[in-house]
Amino acid sequence: MPTTTTDSWEARAAAAAPYNDYRFYNFRIWYGMVASAWLSLLARNHFAVSPARLPFTMLGFVTSVLNSILNLVQTLIFARRIRACVLEEPPIFIIGHWRTGTTFLHELLMIDERFTAPTTLECFAPADCLILYQFLRHLFNFALPPRRPMDNMPVGWDRPQEDEFALMNLGLGSPYEVVVFPNHRRARHPFLDMTGLAPEQVEAWKAGFLRFLQQVNLRSQKEQKGWESVRRIVLKSPHHTARLHILRQMFPEAKFIHVVRDPCEVFPSTVRLWRALFDTQGCQKPEFGALADGVPDIEQFVFDGMDLLYRNFFREIAEIPACNFYQVRYEDLVRTPIEELARMYSQLQFGSFGEIRPRLEAYVRALDGYKTNQHHISARQRAEVYRRWHWYMHRFGYHPSAAT
């Protein structure tokens, strides 16, 4: 993405033509943070805010105080009901690196009314969404653009969203904190695989995560209106790829769907993703080159992230029964989505596929003509992708000449 000489949203929007909807420059995902999380994040980053972004930062402080106050109200009203709303079925986790098609699969599974997922509103405003759900949906509908800046996927407050944003906004700890202070980026974050955390930190994270899922479950039950069975929660977060040991402790019978994609496509798409998030969400004007104190350039950040995401992955999946783990290639999913989901339903024992097949077929027909972004990768980058990620390519059957 070209850089600009000013930090105004107009200039950045003009320079970032593929994702130039001004609403992404006026809305911050972290406006849903509670005050304790927001102040702690600022302190850990030494309040290193770019002057041009001070207004957003101050507004973040105001919204964090409001979120904390409203969270007290939500807790008083709903705490007992949330605790009582146990998960009758273990969640389904969609995992895999960023830009591998996990969002597409998330959307496909949501066509099945036996499933539910955290919504964008629940993930962006987890502290008060139960008491302000209808109000926030309509009041802030203008804040979201119709499509995501990095891949043209539809955006909406009621659409499925990454639960990782809720973990960040609740102050539970998340690598997504990097989008707020992009010039302090590190691929290795303590809450990525959580292996270096103290036991009490891990337990606090697990408790907070479970409480959020129970909150989602409560909202889902309120919507069901007489359904005989409780809908199963489907979660999607690339970070969960590195947390299988934690998730399997919490949910021994959880289902995992792993999505892979040609890394020569994943790399440029992920670089674009982080550039978009850093530029639109940061409290700092992002610098994409290497910085002092060992901050990697944006490409190195992406390369390191893949390695860390999969550091313990293969050891963990070796212990998961076949009926609880399914792997799909992005290329197969977009070419023959109905056939891939039919196989997935059969292996993971999701129940009758015939019930949802007509709706899936209608959804896929409606996608006809959808254009994915085209990503350029240079010969140098392609060679570096193979050097750094050859283990991924060999494991999942990709080759340096596969990408066009």
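Just one of (1) charged (D, E, K, R); (2) within 23 Å of Ser237 (Cβ to Cβ); (3) surrounded by 14 or more Cβ atoms within 10 Å (Cβ to Cβ) fails for Lys285. It is (2). From the list Asn324, Asn312, the one residue that fits, being touching a residue at least 60 places away in the same chain (Cβ under 8 Å), surrounded by 15 or more Cβ atoms within 10 Å (Cβ to Cβ) and either touching a Phe, Trp or Tyr at 6+ places or on another chain (Cβ under 7 Å) or on the phi > 0 side of the Ramachandran plot (or both), is Asn324.
Against the test of being touching a His at 6+ places or on another chain (Cβ under 6 Å), aliphatic (A, V, I, L, M) and closer than 23 Å to Gln161 by Cα, the options Ile95, Ile82 yield a single qualifying residue, Ile95. Give region 257-270 a look and list any residue that's closer than 19 Å to Glu164 by Cα and either in contact with a Leu (Cβ under 7 Å, 6 or more places away or on another chain) or surrounded by fewer than 23 Cβ atoms within 10 Å (Cβ to Cβ) (or both), or say none. Those that are closer than 19 Å to Glu164 by Cα and either in contact with a Leu (Cβ under 7 Å, 6 or more places away or on another chain) or surrounded by fewer than 23 Cβ atoms within 10 Å (Cβ to Cβ) (or both): Ile257, His258, Val259. Restricting attention to region 33-82, the residues being closer than 25 Å to Gly208 by Cα and outside any helix (DSSP H, G or I) number 3.
Would you pick out the residues in region 46-60 that are in contact (Cβ under 8 Å) with a residue 12 or more places away in the chain and either hydroxyl-bearing (Ser, Thr, Tyr) or over 20 Å from Val178 (Cβ atoms) (or both)? Can you show your working first?
Within region 46-60, the first condition is being in contact (Cβ under 8 Å) with a residue 12 or more places away in the chain, and the residues that meet it are 48-50, 52-53, 56-57, 59-60.
Of everything in region 46-60, those that are in contact (Cβ under 8 Å) with a residue 12 or more places away in the chain and either hydroxyl-bearing (Ser, Thr, Tyr) or over 20 Å from Val178 (Cβ atoms) (or both) turn out to be Ser50, Thr57, Leu59.
From the list Arg231, Arg248, pick out the single residue that is farther than 23 Å from His390 by Cβ, among the basic types (Lys, Arg), over 18 Å from the mean Cα position of the chain (by Cα) and at pLDDT 95 or above. Spell out the reasoning first.
Working: Arg231 fails: at pLDDT 95 or above.
The match here is Arg248.
Among the residues making up region 145-186, those that are part of a loop (DSSP other than H, G, I, E, B), at pLDDT 90 or above and over 19 Å from Glu122 (Cα atoms) are Val180, Phe181, Arg185, Arg186.
Which residues, taken from region 98-133, are crowded, with 24+ Cβ neighbours inside 10 Å, among the charged types (D, E, K, R) and part of a helix (DSSP H, G or I)? Within region 98-133, Glu122 is the sole residue that qualifies.
Looking at Phe314, Phe288, can you tell me which residue is farther than 30 Å from Thr57 by Cα, more than 21 Å from the chain's Cα centre (by Cα) and aromatic (Phe, Trp, Tyr)?
On the way: Phe288 fails: farther than 30 Å from Thr57 by Cα.
Phe314 is the lone residue from the list that is farther than 30 Å from Thr57 by Cα, more than 21 Å from the chain's Cα centre (by Cα) and aromatic (Phe, Trp, Tyr).
The residues of region 168-210 that are among the hydrophobic types (A, V, I, L, M, F, W, C) and more than 27 Å from Leu291 (Cα to Cα), listed by number, are Leu170, Leu172, Ala198, Val202, Ala204, Trp205, Ala207, Phe209, Leu210. Per the conditions (1) at pLDDT below 95; (2) crowded, with 18+ Cβ neighbours inside 10 Å, the sole criterion not satisfied by Thr241 is (1).
Quick check on this structure: which one of Val216, Val230, Val234 is among the β-branched types (Val, Ile, Thr), buried (at least 17 other Cβ atoms within 10 Å of the Cβ) and in a helix (DSSP H, G or I)?
Details: Val230 fails: in a helix (DSSP H, G or I); Val234 fails: in a helix (DSSP H, G or I).
The match here is Val216.
Checking each residue in region 61-97 for being surrounded by fewer than 16 Cβ atoms within 10 Å (Cβ to Cβ), within 20 Å of Ala117 (Cα to Cα) and touching a residue at least 24 places away in the same chain (Cβ under 8 Å) picks out Arg81, Arg83, Val86, Glu88.
Can you tell me which condition Ile317 does not meet? The list is (1) more than 13 Å from His258 (Cβ to Cβ); (2) in contact (Cβ under 8 Å) with a residue 60 or more places away in the chain, and all the others hold. Here Ile317 meets the rest and fails (1).
From the set of residues in region 337-367 that are polar (S, T, N, Q) and either touching a Gly at 6+ places or on another chain (Cβ under 7 Å) or at pLDDT 95 or above (or both), which is farthest from Arg243 (Cα to Cα)? Lay out the reasoning, then the answer.
Just the residues of region 337-367 that are polar (S, T, N, Q), to begin with: 346-347, 349, 352.
Then keep just the ones that are either touching a Gly at 6+ places or on another chain (Cβ under 7 Å) or at pLDDT 95 or above (or both); that gives 346-347, 349.
Working: Ser346: 25, Gln347: 23, Gln349: 23 Å.
The extreme case among them is Ser346.
Note on region 328-363: residues that are hydrophobic (A, V, I, L, M, F, W, C) and either under 23 Å from the mean Cα position of the chain (by Cα) or crowded, with 17+ Cβ neighbours inside 10 Å (or both) total 9.
The values are calculated or read from the model by the stated rules, or taken from the named source; none is laboratory data. This one's a predicted model, so the numbers in the text were calculated from it and none came from an experiment. Cβ atoms come from the backbone with ideal geometry, glycine included; neighbour counts cover every protein chain shown.
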